[in-house]
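First up is the structure itself, then whatever we jot down about it.
The values are calculated or read from the model by the stated rules, or taken from the named source; none is laboratory data. From a predicted model like this one, the values you see are computed outputs, not experimental measurements. Cβ atoms come from the backbone with ideal geometry, glycine included; neighbour counts cover every protein chain shown. Areas reflect the complete protein model, heavy atoms only, side chains present, ligands, DNA and RNA absent. Shrake-Rupley method; radii C 1.70, N 1.55, O 1.52, S 1.80 Å.
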Amino acid sequence: MRSSMLFAAVLFLSACPSQGPAGPAGATGPAGATGPAGATGPAGPAGAVGPTGAAGPAGDAGARGEPAVPPDPLLSVLGTYRSRLYNVGAAEIVAYHPPTRRLYVVNAQAGTLDTLDISTPSAPTRLAPHDGGAFGFNLGADIATVIGGFVSGGANSVAVSGNLVAVAVQATPAQNPGAVALYDATTGLFRTAFAVGALPDMLTFSPSGTLLLVANEGEPSDDYLTDPEGSVTVINGAAGFTSAAAVVTTVTFGAFNTRADLLLRAGAHLTLFGPTPSVARDLEPEAITVSADSRTAWVTLQEANTLAVIDLSSPGAPQVRELLPLGFKNSGALGSGLDPSDRDAIRADGGVGGRVAISAWPVFGMYQPDAIASFQAGGQTWLVTANEGDARTYAGGNEETTVGATAVTLAPPLSPLLKDQALLGRLAITNRRGNDGPDGGFTALFTHGARSFSIWSAQGSLVWDSADEFEQVTAAAFPANFNANNSANDFDSRSDNKGPEPEGVVVGQVGARAFAFIGLERIGGVMVYEVTNPRQPRFVQYLNNRNFSVTGSLASDVADGGAVGDLGPEGLLWIPAADSPLPGVPLLVVGNEVSGTTTLFRFAVP
């Protein structure tokens, strides 16, 4: 039955007519998936530039760059005058008279002045005394014509202002009142003299030229039985520096005799030796600088580690305004150390000797400045000191001892091991301070001098100190003659006692820049620092016109013409470019007391 039905269906289909025409298209179906992108065609032409957009916000400021430092002027030797006199102070303090191109040099050996013609600065020559006494500077005889009975002990200092040459002259004996002699710088003839205090050691004119100030040191006799008070004499020459017109005032320090304890606590140093000690006798004026307006003077009281401030606002009535104790330098601080021994090298052969060993030690340095200078910066006055140090060593009173001395015992916090000569045993200290421990033991050690130079405010606050730079620089420059003495080309002989011993200082202006020049008395030479910014002085140069290769007797060498060069710089003098015999070039002049030489240096950009 089923197969019959299937056969019938086939027959039906085959019997249908042919296919009819196509029907209309159906609706478009959905799009298929996107095919892969074709190759990129060539770029079309560039479009027009659009308008500039607004500026974005400013970025953060970059780090501040270092200020440009102009080329430094440097010292170079121009010429030297040689007295051929060794170690007798034949060239100490120097002054200059610009119109005649003459230097006046204190010759302590002769007790008078030498006059040098520096018209040709490369070949300074001594001007012989003229007939009639011109430039003879017969100090004793000249002064005695004004101050009856005066006996000269020799010249100590010289200063020039206008056409006046002023000479500080000590008496014989030195404890008697001294004198200041005035001479005409043009003719060389004596004018007049004034009585001053005992042992006038330094004098200077005020910038105004109307005041002459004299530091009267007033040192005691060796037995201390005669100890005059230190003082400062102010000669007011506003009406003329003549005996009739000048007003002479000597100021003293008696008002401070009841303030000894306060001064010591504040950082002064007093020894109070002698049968009738007093503060006024202990204060020994050494050097003076005067403010640019001539209204204030600062005086170093070296042994007392103090500055005195003198009020000059009433020139006819000067007075001591205040004392400024300077305190102490901590040589235990990093970078402020020292080399304290000349016996700190332990040799394989069993011997001992010196070495360069600058390090921090538990020691305090009394600044005790010798020379002082001042300059203006930022509308203020700044003081510059050469921190030499000086001990009182008299038969009637001696404060100097060493850490290793039998009489010195060390108490905590100081270890007795420090008494070893390879450590601090050789170091010179004072016996008048620091011995406040049990049975007089030393709990602190104080040396004379700070082996540095310092900058202070006008009020006596320490602004900057050169720390250990002097010893570091000299060690690098002369490693075989580090801390040599000025009387021998030796090695390390001064490490145990004040080291390089900075003594003289002067400040010179070159354009808007200020430079300090510091003389090193022992190893010799001059340190140069730029002090335009008093809070950030900058080392510039160290120049030492000394020949360490000379062997044998230095005295014989100096007498034969001095191949050894300069020994023992004492007084430094700045000659501004406007006054220089070398047109447009400032000069530095140095008097050297051991070699008896006076050397001129140019200071210019090489």
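Among rounded, prolate and oblate, which fits region 454-606 when a ≥ b ≥ c are the square roots of the eigenvalues of its C-alpha gyration tensor, a/c under 1.5 means rounded, and a/b larger than b/c means prolate?
Values: a/c = 2.21, a/b = 1.30, b/c = 1.70.
It is oblate, given that a/c is not under 1.5 and a/b is not larger than b/c.
Using r as the Cβ-Cβ distance of Leu334 and Asn398, and R0 as 41 Å, what FRET efficiency do you calculate, to the nearest 0.05?
Working: r = 34 Å, r/R0 = 0.82.
Calculated value: 0.75.
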Contact order relative to length of region 257-365, as percent, for alpha carbon pairs under 8 angstrom and 6 or more apart: 18 percent
Cα shape, region 421-462, gyration tensor, a/c 1.5 rule: oblate
For the chain, average projected area of the Cα convex hull in nm²: 65.2 nm²
Most positive-pole-ward Cα, Gly404, Ser549, Pro502, against dipole of region 401-553 from beta carbon charges: Pro502
Inter-centroid distance (Cα atoms) of region 125-176 relative to region 182-236, Å: 11 Å
Accessible area in square angstrom per residue, region 130-226, 1.4 angstrom probe: 34 Å²
Percent carbon-and-sulfur accessible area, region 271-395, ignoring ligands, DNA and RNA, probe 1.4 Å: 47 percent
Student exercise, the chain dipole from Lys, Arg, Asp, Glu Cβ charges, in Debye to nearest 20: 2340 debye
Separation of the Ala512 and Asp311 label points, Cα + 7 Å toward Cβ, nm: 3.7 nm
Extreme residue, positive dipole direction of the chain, given options Ser415, Phe515, Gly596 (C-beta unit charges): Phe515
Under-5 Å amide H pairs with Glu570, H placed in peptide plane, nonlocal only: Gly591, Asn592, Glu593
Relative contact order [Cα under 8 Å, 6+ residues apart], the chain, whole percent: 13 percent
³J(HN,Hα), Karplus 6.51/-1.76/1.60, whole Hz, each residue of region 400-409, x for Gly, Pro: 8, 9, 10, 4, x, 4, 4, 6, 9, 10
Helix 2-14 vs. the chain, principal-axis angle (Cα, 0 to 90°, nearest 10): 80 degrees
Amide hydrogen neighbours beyond the local backbone of Gly136, cut-off 5 Å, H modeled: His130
Distant-in-sequence amide H partners of Gln541 (H built 1.01 Å from N, under 5 Å): Val528
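What does the extension gain come out to for Arg259 and Arg295, with contour length at 0.36 nm per residue minus their alpha carbon separation?
Working: separation 36, 0.36 × 36 = 12.96 nm, distance 2.59 nm.
Roughly 10.4 nm would be gained on extension.
Under a Cβ-only charge scheme (Lys and Arg +1, Asp and Glu -1), can you give me the dipole magnitude of region 546-606 about the Cα centre, in debye to the nearest 20? Please list the in-between numbers first.
On the way: 2 positive and 6 negative charges, 42 e Å.
Taking the Cα centre of region 546-606 as origin, the dipole is about 200 debye.
Add +1 for every Lys or Arg and -1 for every Asp or Glu among the other residues with Cβ under 11 Å from the Cβ of Leu554, and state the total. Mind dumping the intermediate values first?
Working: positive: Arg546; negative: Asp490, Asp557, Asp560.
Summing Lys and Arg as +1 and Asp and Glu as -1 gives -2.
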Carbon and sulfur %, accessible surface of region 542-606 computed with the full protein complex present, 1.4 Å: 52 percent
Charge dipole of region 469-596 about the Cα centre (unit charges at C-beta), most positive-ward option of Pro583, Asn485, Ala475: Pro583
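In Å², and per residue, what accessible area does region 251-361 have when probed at 1.4 Å with the other protein chains present? Provide the component values of the computation, followed by the final result.
Working: 4370 Å² over 111 residues.
Ligands and nucleic acids excluded, the result is 39 Å² per residue.
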Gap separating the Cα centres of region 399-435 and region 460-480, nearest whole Å: 24 Å
Formal net charge of residues neighbouring Thr306 (Cβ-Cβ distance under 12 Å; K, R +1; D, E -1): -4
Whole-Hz ³J(HN,Hα) from phi, Karplus 6.51 cos²θ - 1.76 cosθ + 1.60, for region 71-83, glycine and proline x: x, 7, x, 10, 6, 8, 6, 9, x, 9, 9, 10, 7
Longest to shortest principal axis, alpha-carbon extents of region 194-236, angstrom: 41, 14, 12
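Nearest 20 debye, what's the magnitude of the dipole of region 227-312 about its Cα centre given +1 on Lys and Arg Cβ and -1 on Asp and Glu Cβ? Write down the numbers at each step before the final one.
Details: 4 positive and 9 negative charges, 35 e Å.
The dipole magnitude comes to about 160 debye.
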Å² per residue, accessible surface of region 528-595 at 1.4 Å: 36 Å²
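If contacts are Cα pairs under 8 angstrom and at least 6 residues apart, what is the relative contact order of region 267-318 in percent? Before the final figure, lay out each step's value.
Numbers: 78 pairs, mean separation 15.4, N = 52.
Averaging sequence separation for qualifying contacts and normalising by length gives 30 percent for region 267-318.
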From phi via Karplus (6.51, -1.76, 1.60), per-residue ³J(HN,Hα) for region 173-180 in Hz, x at Gly/Pro: x, 5, 7, 7, x, x, 8, 10
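Round to a whole number: what % of the accessible area of region 411-527 belongs to carbon and sulfur, probe 1.4 Å?
On the way: 1990 of 3800 Å².
It is 52 percent, rounded to a whole number.
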